[in-house]
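Inspection log for the structure reproduced underneath, given as structure tokens.
The values are calculated or read from the model by the stated rules, or taken from the named source; none is laboratory data. Small disclaimer: the values here were computed from a predicted structure and weren't measured. Positions of Cβ are generated from backbone atoms using ideal geometry, with glycine treated the same way; all protein chains shown enter the neighbour counts. For the accessible areas, the whole protein counts, side chains as well, though only heavy atoms, and no ligand, DNA or RNA atoms are used. Shrake-Rupley method; radii C 1.70, N 1.55, O 1.52, S 1.80 Å.
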2 protein chains.
Amino acid sequence: MTNLTHLPRSFRRVTIDSIIPDIDGGRFAAKRLVDQPVTISADILCDGHDELACHLHVRPAGSDEWTTIPMARDGNDRWSADFTPGRLGAWEYTVSGRVDHFGTWLRDLLLRDEAGDDLTAEFAEGRRLIEQVAATADDASAAELRQHARKLKGRGGVNAAQQSRLASLMRALAASDHTAWLDVPRRLWVDRERAAWSSWYEAFPRSWGEPNQHGSLRDLAGQLNYIASMGFNVLYLPPIHPIGTSFRKGKNNSLNATADDVGSPWGIGSPEGGHTAIHPDLGTLADFEALRQEAARQGLELALDLALQCSPDHPWVTEHPEWFRHRVDGSIRYAENPPKKYQDIYPLNFESESWQTLWEEVFRVLQFWIARGVRIFRVDNPHTKPFEFWEWLIGRIHAQHPDVIFLAEAFTRPKTMYRLAKLGFSQSYTYFTWRTEKQELADYLQEVTTPPRSDYFRPNFFTNTPDILHASLQEGGRPMFMVRLALAALSVGNWGIYGPAMELQAATPFKAGSEEYLDSEKYELKNWDRDRPDTLAPFISDLNQIRETEPAFRRQRPPLIQPTNDDHLLAWCRYDPASESRILIVVNLQPGDRRRGLVTLDRGQLGLRDDEGIEAHHLLDGNGVRIDGTSIEVACTPARPVVVLRLVKAPVQLSFLEISRD
Amino acid sequence: MTNLTHLPRSFRRVTIDSIIPDIDGGRFAAKRLVDQPVTISADILCDGHDELACHLHVRPAGSDEWTTIPMARDGNDRWSADFTPGRLGAWEYTVSGRVDHFGTWLRDLLLRDEAGDDLTAEFAEGRRLIEQVAATADDASAAELRQHARKLKGRGGVNAAQQSRLASLMRALAASDHTAWLDVPRRLWVDRERAAWSSWYEAFPRSWGEPNQHGSLRDLAGQLNYIASMGFNVLYLPPIHPIGTSFRKGKNNSLNATADDVGSPWGIGSPEGGHTAIHPDLGTLADFEALRQEAARQGLELALDLALQCSPDHPWVTEHPEWFRHRVDGSIRYAENPPKKYQDIYPLNFESESWQTLWEEVFRVLQFWIARGVRIFRVDNPHTKPFEFWEWLIGRIHAQHPDVIFLAEAFTRPKTMYRLAKLGFSQSYTYFTWRTEKQELADYLQEVTTPPRSDYFRPNFFTNTPDILHASLQEGGRPMFMVRLALAALSVGNWGIYGPAMELQAATPFKAGSEEYLDSEKYELKNWDRDRPDTLAPFISDLNQIRETEPAFRRQRPPLIQPTNDDHLLAWCRYDPASESRILIVVNLQPGDRRRGLVTLDRGQLGLRDDEGIEAHHLLDGNGVRIDGTSIEVACTPARPVVVLRLVKAPVQLSFLEISRD
């Protein structure tokens, strides 16, 4: 019969599931930041009505010892606990639960006592429960437990049963053989803050020299103050490697380059070297180190480009022809998106039979730059290389260097972008540049900043890139540049610009309907007049200053969209309960017009009671603000299309307030 | 280096996840019905832009052979395929995907051809791809492939490349060593239709005898036409076992029973037997068989109660005292919910050290009744027995008898109810009786009838039970009885009533504020006057007739709530696209009042184009209906508080229509 019925050898009454955070049942790690509290919650169920004892267990991956933390009941069978990971890297967490027989007995004892029942038999039961635990406890605990047990009788018995020392001994020493555990431990990846809170400035070093001269890393190093004073903390350099000459593209992506044309930095590799070499005109490894150090001194961290493709002149083409695709005639296939052809680029063939040596070589490239102090990589087109390659590469690098940050530049189908984030990319480019209407912006903000998405995907909102000059910037003029800057800087944790094109409001497309820049810096040296009086550098400096000083912007809480009465006024709050930092941002999405509109604050979301007054302080130059209860009337003008207000509790409700900038 | 970098031995470019249906990553089976199509869909991603070949694989659990079905692209990286399980029981399904190199080549060839490119090198590539497959194919296929390959050149080459026979050969024979599979196969449980579409009638056989006599199974057998003529298809009997006498409860749950009191059927067990015995006054096993056969003849299937508890007189108490909880003084603990006491009931102790023999005994009890033709069990309070016990018990029974249906009677916390459904219960009691307002009814219908919940949880809406006489019925009179009957019968697949209390509108509570019936049938024989002229039996017969004949009610599609302009008119549609069966139900939740209101149909949901007219035919007696475009004006009166309309496409838009009952 036993055989027929397949009886288990033991069973658990408690069951645990729906743990949060959880990325695909533990297949991937949830992302968090070092020294910031993590809340873990789960559904923990048991048959009947017994009390439960539930615990969170955490440890750095590889450690043998769990740290155990009691969980609290949140209602509706949900339990939770917090912990704060104190170091970078991989962590594990799991949850356990068991029936708390002593707690159940105690709860029922008090109910019986209240009803006036005779408790004699219940005290006997309590003493038996204690003795069961004492029988397997160490001598000291057993003695202490038995002392408690002896008091479980008569008048003082109920009091004695409620001693917290007794409860904690019983909880600590209770038999664990019927404890249920989560099916498999879940994974947490703990980053440094820069992974989730960063301001990027993209610059082509070769444009930072004397006019019409090929600039160098040293030229850029000498002008870092320009970038640092805008408040950026990441300086991202497009590829700094030698550039091929075969099929080199000329200005405006023309097929016929002249001898003067400098080529695209993404056409990597020449007889002078490949992915571990520096373009001779940019300088040497020593120059790179000097730039890195000067940047660090000014609060800027360097980010390098990892673009896994080659010019026909890359050393790999001759040293490792097996890493490329070959035609039947033996020639190497250039990049194509039929019928488009890119003769200047050889893609790497990840289906090569020699894929293992290729993977190892990419690992060595990263190791090379990490050894030279680089800790941030912007990865070009990761979606055209295998998912498993990225999971392996990032995993191997992170195992040795948990402080390394990877930004995925994948403008592709949404599920592929999210998959790459799950695989380990720390940050991701987004569709932000193409979201321009009020509702689509609100929806997209919601999509990329709320759990479970935000447990693994960290958006990095770039206003523009050397490849993307959106129509809104082509047409919207300076007010639109301000709006897009504020949207990117103040809605999510990571943002960036491609400069100086952005602050100087470069807006001319290669042709009508194109998102390419005319005379794109990808193909030529640019001579930016960074001192132009209409530069938006001071405005950008203000935005980064607000991000830096207002606690609401450093916490990983989603922006809270606030209703407005105008289809072109988008309003959102950033709110940090711990510091009571509340910032309201309103942007005019038709910024060439004057608009005046009402924002209706959601007080509950913002931790504001109905009877609390609100004061508003401009953090940018601003116009008059009228506050009436939860309604805030704001005015936007073409000169001031962005309103940023710090909201503070006021002793009384104010009906009108005009406060100049702090 | 290889060691350092932990290179995998191989990798897959394709990744598969987010399969639907899926209950907790394959931990539990999704529920479906035999001979009804099942749609399986999944996200299938690959790096780059290659074409994919994706397949669904299905098999009855235990079979070695998968049946393979091509999946189609649904957009946004989602793929899907259908299959129809042709037998009851456990099935498995999984999904595979691989890069379709030939398909990719062909797609690009056509793009290049369109652009006027020279195709010589591409034809060579195509021939190479074909030769690679031919090299490992059987002789006949290889010969055929090579014949195709020879045509890939010159003018006719593009045509030759598009031959569907070539594509299908290449797809069928392509190397599978880089095929990616879903992490683990998912599970499907395939029931007979009765599991998802059933009408229950609960009756106490002992009340169906001569007045003031203890009725028997034969008495009930003689009156089955009364129940069958109302259109029910499940006859559920409260426990039919001997009833204990120790601490037997008297009328109205009094502690002092007289010698005449019959006791509660849930006080199971006496010296005459326990869970496999029949109460002597009800009859014998032969009488039971006679009842079962007569019921079957009238389209009624018997459902027995499985109530795992004992009276103090149950044979198990003396034969297996180890299955019960004992006090320190050796006495057995009766049921308690402190401070409440139930001295007439001994709960079974599933934490007993002899739990294995207890589990086996319950298995034997079920086997006993299954051997006597029972295939439906209503399980009493499953939430007070361990989850793992149910998973084991239902799993073992289902392995031998996949046609057995289990209804969970767990009125407990929501997550526990849903967990029990996941574990294998075919149907579940719900909170339906306590949902009385328009919005909460709409929300609850949505909660229990839409995926992923509906993939494992099948609600059974009971209007009343011997334990639950809801205040709405106590106060609402006959119109409210009609509304609750229509809500239960026409919104979900499974419904039931406790009769004759329901059709005779028994409405008097034990006391004010109580949901217990006065003079409850649980504790005494009742003498129902089933011929009373005001009985709702004809109305119930109409409801079951509609459920039976209108295809919209037999398909597992959720009710579609339709907006109305009245806070007390709830409207929903049932819609089956295949048969174009569309039924609109409107109920007045304040049925004592007359109401006239507008229902605004969601044409898109109902597969109706904007230019299609609608006719409405009453399926119950009804008042005038006015149709204007998508608005339908309906009238409810206390005599007719429920409107049921069959909607059919009309050649022209009608502005007014009054049609009597079909």
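For segment A:427-451: of the residues being β-branched (Val, Ile, Thr) and in a loop (DSSP other than H, G, I, E, B), which is nearest to residue A:589 (Cα to Cα)? Explain how you work it out, then say what you get.
Going through segment A:427-451, the residues β-branched (Val, Ile, Thr) turn out to be A:430, A:433, A:436, A:448-450.
Add one more test, that the residue is in a loop (DSSP other than H, G, I, E, B), and what stays is A:430, A:436, A:450.
Working: A:430: 19, A:436: 7, A:450: 23 Å.
Top of the filtered list is A:436.
This table checks each residue for (1) in contact (Cβ under 8 Å) with a residue 40 or more places away in the chain; (2) charged (D, E, K, R); (3) open to solvent by 20 Å² or more (accessible area, probe 1.4 Å).
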position	(1), (2), (3)
B:438	yes, yes, yes
B:460	yes, no, no
B:464	no, no, no
B:471	yes, no, yes
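If I ask for residues that are within 8 Å of chain A (Cβ to nearest Cβ) and either in a loop (DSSP other than H, G, I, E, B) or surrounded by fewer than 16 Cβ atoms within 10 Å (Cβ to Cβ) (or both), which ones from segment B:345-359 would you list? Listed by number, the residues that qualify are B:350, B:351. Filtered by the rule that a residue be small (Gly, Ala, Ser) and within 17 Å of residue B:364 (Cβ to Cβ), segment B:296-324 gives a lone residue, B:307.
Residue A:454 meets all of the listed conditions (1) closer than 26 Å to residue A:392 by Cα; (2) open to solvent by 40 Å² or more (accessible area, probe 1.4 Å); (3) assigned to a helix (DSSP H, G or I) but one, namely (2).
For segment A:404-426, which residues satisfy the criterion of being assigned to a loop (DSSP other than H, G, I, E, B) and within 12 Å of another protein chain (Cβ to nearest Cβ)? Lay out the reasoning, then the answer.
Within segment A:404-426, the first condition is being assigned to a loop (DSSP other than H, G, I, E, B), and the residues that meet it are A:404, A:410-413, A:424-426.
Residues satisfying the conditions are A:410, A:412, A:413.
Can you find, within segment A:45-82, the residue that is farthest from the other protein chains (Cβ to nearest Cβ) among those that are free of Cβ contacts under 8 Å to residues at least 24 places away in the same chain and acidic (Asp, Glu)? Once the filter is applied, the top-ranked residue is A:65.
Could you please let me know if residue A:103 is within 21 Å of residue A:179 (Cβ to Cβ), in contact with a Ser or Thr (Cβ under 8 Å, 6 or more places away or on another chain) and not in a loop (DSSP other than H, G, I, E, B)? No. Starting from residues that are farther than 29 Å from residue B:9 by Cα and in contact (Cβ under 8 Å) with a residue 12 or more places away in the chain, keep the ones in segment A:322-344 and report whichever is nearest to the other protein chains (Cβ to nearest Cβ). The extreme case among them is A:343. Determine, yes or no, whether residue B:433 is buried (at least 22 other Cβ atoms within 10 Å of the Cβ), β-branched (Val, Ile, Thr) and either assigned by TED's automatic domain parsing to the domain that holds residue B:85 or out of contact with any Ser or Thr (no Cβ under 6 Å at 6 or more places or on another chain) (or both). Yes: the conditions hold for residue B:433. Here is a check on your reading of the model: is residue A:132 surrounded by fewer than 21 Cβ atoms within 10 Å (Cβ to Cβ) and either aliphatic (A, V, I, L, M) or within 14 Å of chain B (Cβ to nearest Cβ) (or both)? Spelling it out, residue A:132 is indeed surrounded by fewer than 21 Cβ atoms within 10 Å (Cβ to Cβ) and either aliphatic (A, V, I, L, M) or within 14 Å of chain B (Cβ to nearest Cβ) (or both). The residues listed here are B:87, B:150; of these, the one that is away from chain A (no Cβ under 14 Å) and either touching a strand residue (DSSP E or B) at 6+ places or on another chain (Cβ under 9 Å) or under 30 Å from residue B:20 (Cα atoms) (or both) is B:87. Condition check for residue A:354 on (1) touching a residue at least 60 places away in the same chain (Cβ under 8 Å); (2) hydroxyl-bearing (Ser, Thr, Tyr); (3) under 21 Å from residue B:11 (Cα atoms): one failure, at (1). Test residue B:24 against the criterion of being open to solvent by 30 Å² or more (accessible area, probe 1.4 Å), under 27 Å from the mean Cα position of the chain (by Cα), within 29 Å of residue A:394 (Cα to Cα) and not small (Gly, Ala, Ser), and give yes or no. Against the criterion (open to solvent by 30 Å² or more (accessible area, probe 1.4 Å), under 27 Å from the mean Cα position of the chain (by Cα), within 29 Å of residue A:394 (Cα to Cα) and not small (Gly, Ala, Ser)), residue B:24 qualifies.
For segment A:104-119, the count of residues that are surrounded by 15 or more Cβ atoms within 10 Å (Cβ to Cβ) and either within 30 Å of residue A:394 (Cβ to Cβ) or among the β-branched types (Val, Ile, Thr) (or both) is at least one. Of all residues in segment B:390-403 being open to solvent by less than 10 Å² (accessible area, probe 1.4 Å) and out of contact with any Pro (no Cβ under 9 Å at 6 or more places or on another chain), which is farthest from the other protein chains (Cβ to nearest Cβ)? Per the criteria, the residue is B:394. Residues in segment B:50-62 that are outside any strand (DSSP E or B) and modelled with pLDDT of 95 or more: B:50, B:51, B:61. Every test in (1) open to solvent by 10 Å² or more (accessible area, probe 1.4 Å); (2) more than 12 Å from every other protein chain (Cβ to nearest Cβ) is passed by residue B:13 save one, and that test is (2). Return a yes/no flag: does segment B:367-380 have any residue that is more than 9 Å from chain A (Cβ to nearest Cβ), open to solvent by 50 Å² or more (accessible area, probe 1.4 Å) and either closer than 16 Å to residue A:12 by Cβ or in a loop (DSSP other than H, G, I, E, B) (or both). Yes, that holds for at least one residue.
Checking each residue of segment A:20-41 against the condition of being within 12 Å of chain B (Cβ to nearest Cβ), in contact (Cβ under 8 Å) with a residue 24 or more places away in the chain and either of a type in the set (Asp, Glu) or touching a Ser or Thr at 6+ places or on another chain (Cβ under 8 Å) (or both) gives at least one match. The lone criterion from (1) closer than 18 Å to residue A:101 by Cβ; (2) buried (at least 18 other Cβ atoms within 10 Å of the Cβ) left unmet by residue B:333 is number (2).
Out of the residues in segment A:83-100 that are assigned to a loop (DSSP other than H, G, I, E, B) and without any contact (Cβ under 8 Å) to a residue 60 or more places away in the chain, state the one that is most open to solvent (accessible area, probe 1.4 Å). Explain how you work it out, then say what you get.
Filtering segment A:83-100 for residues assigned to a loop (DSSP other than H, G, I, E, B) gives A:84-88, A:100.
If we keep only those that are without any contact (Cβ under 8 Å) to a residue 60 or more places away in the chain too, we end up with A:84, A:86.
Numbers: A:84: 75, A:86: 55 Å².
Once the filter is applied, the top-ranked residue is A:84.
When residues in segment B:583-608 are screened for being within 29 Å of the chain's Cα centre (by Cα), without any contact (Cβ under 8 Å) to a residue 24 or more places away in the chain and buried (at least 16 other Cβ atoms within 10 Å of the Cβ), 0 of them pass.
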